[in-house]
Structures are given as structure tokens and as C-alpha cells.
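Read through the structure below, which is laid out as C-alpha cells, and then see the notes.
The values are calculated or read from the model by the stated rules, or taken from the named source; none is laboratory data. This one's a predicted model, so the numbers in the text were calculated from it and none came from an experiment. Ideal geometry is used to build each Cβ from the backbone, glycine not excepted, and the neighbour counts take in all protein chains shown. The accessibility values were calculated without ligands, DNA or RNA, using every heavy atom of the protein model including side chains. Shrake-Rupley method; radii C 1.70, N 1.55, O 1.52, S 1.80 Å.
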Amino acid sequence: MKIAVIGTGYVGLVAGVAFADAGHKVICVDNDPNKINALLEGQIPIYEPGLEDLLRSAKSRILFTTDLNRAVQDSDVLFVAVGTPETEDGSADLGPTYNVIEGICKAAESPKFIVLKSTVPVGTSRQVEKRLAEFSSLPHEVINNPEFLKEGAAIDDFLRPDRVVIGCKSEKAQDVMAKIYEPFVRNGHPILFMSNTAAELTKYAANAFLSVKISFANELAQLADQVGADIDEVRSGFTSDSRINPAFFYPGSGYGGSCFPKDVQALIHTAHKNDCTMNIVSAADKVNDQQKTILVQKLLSHFHDVKGMRFALWGLSFKPRTDDVREAPAKYIIEKLNSLGAEVVAYDPIAGTRAQKEFSGKFQLAESAIDACQGADALLIVTEWNEFRNPNYDDLSAALKNKIIFDGRNTLNPSDVKRYDFEYYCIGRQSLFSEV
Ligand code: NAD
């Protein structure tokens, strides 16, 4: 099967490399020449564990180019994986998607299967079909194949998906997609064929539900804090019910990244456009906005005024094992601390340079976790990288001005922190701590 993947970001690059690894011939296209040049030199422009090794093993079957025409002419199935960022009114920006569709129409000399891999609002396939009819006389077919990978675990998620969702209209499209994905579902997980509209909505349903779950955990943790219940005990208590899955029920500093915030907004926007409400999802979004600066609230309850203070901050990416800093809670915490007149010295194992380019707030980048703490008034943990889980408490005691830790991800073991006599603030675990 000759495949083109258009857009070589976190999704497109992983998909392209995985398809090539499965034996398909793949052309990866991006309109960013820097990205393509880096890939041609064997460098991976994003941090994703395992991607470099997989690319090495698939190298003979994958090409990288900025030339969309060539990719279209040389391929039968075209995966579109460009960004669909949030616009000012909350809707998804389909400009890059439609640019690619028009480019495909101009270049195609035979009918193609055009697979929308990006997360696109309900109804986009129909719009794309209309554009195809306008710009081309060839009978192209539009397929929806939303992606569910998680950054940081993207390779495993792509190679062994829980399910593959395909929205399409013809048996031929079903056969083509089944052939492409057959190597990835040998574990027996299903390929679910459905209408394009159902596939579009499935992706938003998944992300919205997960956002709701996280915000529920965060709100419950706040109540647990107030009433002196431990959120870990509560979680294990109520998720022992076979109807309630405990995964993703962890309170923290709010969700971020390039998907949940924008997909939640896009779903709310789609609902309004269709005279429906999305009250539960809207509430999850509101809770998350407050949660992103929960550590600053805790900091202010402790210090009252932080003007002129300096804080160490561990973790700049929106989650561990990625360099993606889009909508990362650290961004909001740094901005808030800047506005209160406090300084931030931050450390992240991977995302430091990217955060310096992309965050609007000011912070100094430290070379190591302990360097960030030298002379700081307190430590804030914002992303739960594994290397933060077992710090050397003697070194921390010596480095920090005050032995105070604000743990926005419940990363540390409360009994360790207590043993070293730190003041410790976490999210909803106070009773566990006080009983140690
Ligand atoms: P990204 O920003 O990392 O990558 C998009 C790529 O498309 C960029 O490299 C950009 O240069 C390229 N591009 C833009 N316009 C182009 C054009 N006209 N021609 C060729 N290339 C073009 O985005 P991403 O994180 O990979 O997300 C892509 C889509 O997948 C989005 O809709 C997103 O919501 C969805 N998604 C993302 C994830 C994730 O974890 N990142 C997971 C599931 C779904």
C-alpha cells in the first residue's frame, strides 16, 4: 500500500513511521522545511520515546518531503494529520486542513482515499466532500480515522491501539483501511467501522469524557482538602465499583496539552451551533481553568505576599515523557507568579528550551532539578517526571531557603517528605500526610 501522511507533527510523524514499520511505503509531507530538513538528516524534531528506534528500523520504506504534489501522485491513501488549533470563538481552525484538501485536488491524477486523521469537528467530512466536488472531477473518498495516541506513550498506543475507529461509506474504503491497520490489531482489539459523523463525534466524546473525569477528580480533591479526607483513599474506595474505572482519576494541576483544552472548546462550539448544550463539559473546562493555578493559591495561603520571592519549579511540559508545552499548567503558573512580582527558576528534563520559546511568562532555566532550588523560597512540582519522584532530601534541604514543597501532581511520597521535616502541600492528600 502506498501511503502519504501530510503533517509530520506528534501524530503524523508517529503514524508515518509506524505504517512504514508495518511494511507500507510511506511519504511524509510537511510545509515546514526546517522539520523536513531535520528529518532528512535523521533528526527527530519532537521528543517521543521509542520514535527514533522505530524510524531507524523503517528507514528504507519512508521518505520525507515538502512536495505535496509528488506525495499525492505517488500514493493511494492520503492521511491528513495537520493541526486543528483553537480559534478565538473556540471552534477548530480548519484552514490548514482545507489548504491540504485543495492541494490534493490540484495534484491528484487518479481517485484517492483521503483520510482525516486530525481531530476535526462533526460535519467536517461532509464539508470536505463538498470541496472535493468543487475542486476535482475525480471520485475521491473521504475517510475519518481519529487518533487516540497519548504523547509520551505514542509508539505503544499506535502499534497496539485499544481500538481503531474508521468512519467511511464504501466497502472498498473499509477493505483498504482494514489492510492498513491489520498489523496493529493482531492483539484482537477491534477495528470499529461506522459513519464519518459518528467517527468524528467519537473522538470528541473520548477527550471530553476524560476532561470531565480529571476535573471531577480535581473538584473532589478540593473538597477532600477542606473536610480532611484523603483523595487516594476515596479513589480506591469508590473506584472498586466495577462500573467505575479508576484510570485517569488523579487530581493535579489541571489538564493541558494540545488536545483536551481545544477539543473541549470545539465540542462546546459544535453543540451550540446545533442548538444543544454541553453543560457538563463546560463545567469541566471552568474547573480546569481554576485548577491550573491551584498551586499559586496554596502558595498565597502560605506566604500571603510573594513579591520579591524566588520559586523553583520542576516540570514545564504539560505531562511527563513529552516536550510538548502547549497549554501546560506551568505556563499559567509562571505568568501568575510573574504578575505577583515573584521570580521563577525552572527545570524540565526535556522541555526547557521549547518552553523558553513558547511561554510568554519570564523564567530562568536551570541545568538540573537541584540547581533550580538553590536559594529558592519554596519548590513547586508541576509535571510528574519520574526523575522528580525520589529527590535527595538532604540536597534539597541544603539548597532551598525554606523547606517547603508544593506538589501539584502528588508526585512525592508524603512519609518521605515528613521524615525530612519539610512543609508539604499536595492535592487532596492531607490526611494521609498528617497521619504519618
Ligand atoms: P502538530 O502541530 O504537532 O503537527 C501538525 C503538523 O502539520 C506540523 O508539523 C505543521 O508544520 C504541519 N502542517 C500544517 N499545515 C500544513 C500543510 N498545509 N501542509 C503540510 N503540513 C502542514 O499537531 P499534532 O499534535 O500532531 O496534531 C495533529 C492533529 O491530531 C490535531 O488535529 C490534533 O488535535 C490531533 N491529535 C493530536 C494528538 C496529540 O497527542 N498531539 C493526539 C490525537 C489527535
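If a residue must be in contact with a strand residue (DSSP E or B) (Cβ under 7 Å, 6 or more places away or on another chain) and either open to solvent by less than 10 Å² (accessible area, probe 1.4 Å) or free of Cβ contacts under 8 Å to residues at least 24 places away in the same chain (or both), how many such residues does segment 114-131 contain? Before you say what the answer is, go through the steps one by one.
Step one: list which residues in segment 114-131 are in contact with a strand residue (DSSP E or B) (Cβ under 7 Å, 6 or more places away or on another chain), which gives 114-118, 120-121, 124-125, 128-129.
Filter once more, so that each one left must be either open to solvent by less than 10 Å² (accessible area, probe 1.4 Å) or free of Cβ contacts under 8 Å to residues at least 24 places away in the same chain (or both): 114-117, 120, 124-125, 128-129.
Within segment 114-131, residues that are in contact with a strand residue (DSSP E or B) (Cβ under 7 Å, 6 or more places away or on another chain) and either open to solvent by less than 10 Å² (accessible area, probe 1.4 Å) or free of Cβ contacts under 8 Å to residues at least 24 places away in the same chain (or both) number 9.
I want to confirm something. Restricting to segment 1-22 and keeping residues that are modelled with pLDDT of 95 or more and part of a loop (DSSP other than H, G, I, E, B), which single residue is nearest to Phe113 (Cα to Cα)?
Per the criteria, the residue is Gly7.
Output the residues belonging to segment 59-91 that are open to solvent by less than 30 Å² (accessible area, probe 1.4 Å) and part of a loop (DSSP other than H, G, I, E, B). Walk me through it before giving the result.
Within segment 59-91, the subset open to solvent by less than 30 Å² (accessible area, probe 1.4 Å) is 62, 64-65, 71-72, 75, 77-82, 84, 90-91.
Once the filter is applied, which keeps residues that are open to solvent by less than 30 Å² (accessible area, probe 1.4 Å) and part of a loop (DSSP other than H, G, I, E, B), segment 59-91 yields Ser75, Ala81, Val82, Thr84, Gly90, Ser91.
Has segment 149-168 got any residue that is away from the ligand (no atom under 16 Å from the Cβ), within 11 Å of Phe113 (Cβ to Cβ) and touching a Phe, Trp or Tyr at 6+ places or on another chain (Cβ under 9 Å)?
yes
Got a number for residues in segment 155-201 being surrounded by 14 or more Cβ atoms within 10 Å (Cβ to Cβ), in contact (Cβ under 8 Å) with a residue 12 or more places away in the chain and under 17 Å from the mean Cα position of the chain (by Cα)?
Final tally of qualifying residues: 3.
Being outside any loop (DSSP other than H, G, I, E, B), polar (S, T, N, Q), assigned by TED's automatic domain parsing to the domain that holds Gly252 and out of contact with any Gly (no Cβ under 8 Å at 6 or more places or on another chain) is the requirement here; does Ser397 meet it? Give the steps one after another, and end with the answer.
Working: outside any loop (DSSP other than H, G, I, E, B): yes; polar (S, T, N, Q): yes; assigned by TED's automatic domain parsing to the domain that holds Gly252: yes; out of contact with any Gly (no Cβ under 8 Å at 6 or more places or on another chain): yes.
Yes.
Consider Ala224 against the criteria (1) open to solvent by 30 Å² or more (accessible area, probe 1.4 Å); (2) touching an Asp or Glu at 6+ places or on another chain (Cβ under 7 Å); (3) among the hydrophobic types (A, V, I, L, M, F, W, C): it satisfies all of them except one. Which criterion is unmet?
Here Ala224 clears every test but (1).
So, in segment 23-36, how many residues would count as being touching an Asp or Glu at 6+ places or on another chain (Cβ under 7 Å) and either in a helix (DSSP H, G or I) or more than 15 Å from the ligand (Cβ to nearest atom) (or both)?
Counting residues in segment 23-36 that are touching an Asp or Glu at 6+ places or on another chain (Cβ under 7 Å) and either in a helix (DSSP H, G or I) or more than 15 Å from the ligand (Cβ to nearest atom) (or both) gives 1.
Just to be sure I understand, how many residues within segment 37-58 are outside any loop (DSSP other than H, G, I, E, B) and in contact (Cβ under 8 Å) with a residue 24 or more places away in the chain? Walk me through how you get there before you give the answer.
Start the filter on segment 37-58 by keeping residues that are outside any loop (DSSP other than H, G, I, E, B), which leaves 37-40, 51-58.
From the residues that got through so far, the ones that are in contact (Cβ under 8 Å) with a residue 24 or more places away in the chain too are 39-40, 51, 54-55, 57-58.
Looking only at that region, the number is 7.
Identify, please: which residue in segment 92-102 is open to solvent by less than 20 Å² (accessible area, probe 1.4 Å) and without any contact (Cβ under 8 Å) to a residue 40 or more places away in the chain and is, among those, nearest to Ala266 (Cα to Cα)?
Across segment 92-102, the extreme among qualifying residues is Thr97.
Under 6 Å by Cβ, and 6 or more places apart or on different chains, what pairs join a residue from segment 294-321 that is under 12 Å from Ile381 (Cβ atoms) with one that is in a helix (DSSP H, G or I) and open to solvent by 10 Å² or more (accessible area, probe 1.4 Å)?
Trp314/Ala369
Take Asn145 and decide whether it is over 30 Å from Cys426 (Cβ atoms) and at pLDDT below 95. First the steps, then the outcome.
Details: over 30 Å from Cys426 (Cβ atoms): yes; at pLDDT below 95: no.
For Asn145, the condition - over 30 Å from Cys426 (Cβ atoms) and at pLDDT below 95 - is not met.
Can you tell me which residues in segment 256-281 are within 12 Å of the ligand (Cβ to nearest atom) and either modelled with pLDDT under 95 or assigned to a loop (DSSP other than H, G, I, E, B) (or both)?
Gly256, Gly257, Ser258, Cys259 - these are the residues of segment 256-281 that are within 12 Å of the ligand (Cβ to nearest atom) and either modelled with pLDDT under 95 or assigned to a loop (DSSP other than H, G, I, E, B) (or both).
Quick one: count up the residues across segment 83-124 that are more than 14 Å from Ile143 (Cβ to Cβ), among the hydrophobic types (A, V, I, L, M, F, W, C) and within 8 Å of the ligand (Cβ to nearest atom).
Adding up the residues that qualify gives 2.
As an exercise: evaluate Ser211 against (1) touching a residue at least 24 places away in the same chain (Cβ under 8 Å); (2) within 20 Å of Gly7 (Cβ to Cβ); (3) of a type outside the set (Val, Ile, Thr) and give the number of the one condition it does not meet.
Among (1) touching a residue at least 24 places away in the same chain (Cβ under 8 Å); (2) within 20 Å of Gly7 (Cβ to Cβ); (3) of a type outside the set (Val, Ile, Thr), Ser211 violates only (2).
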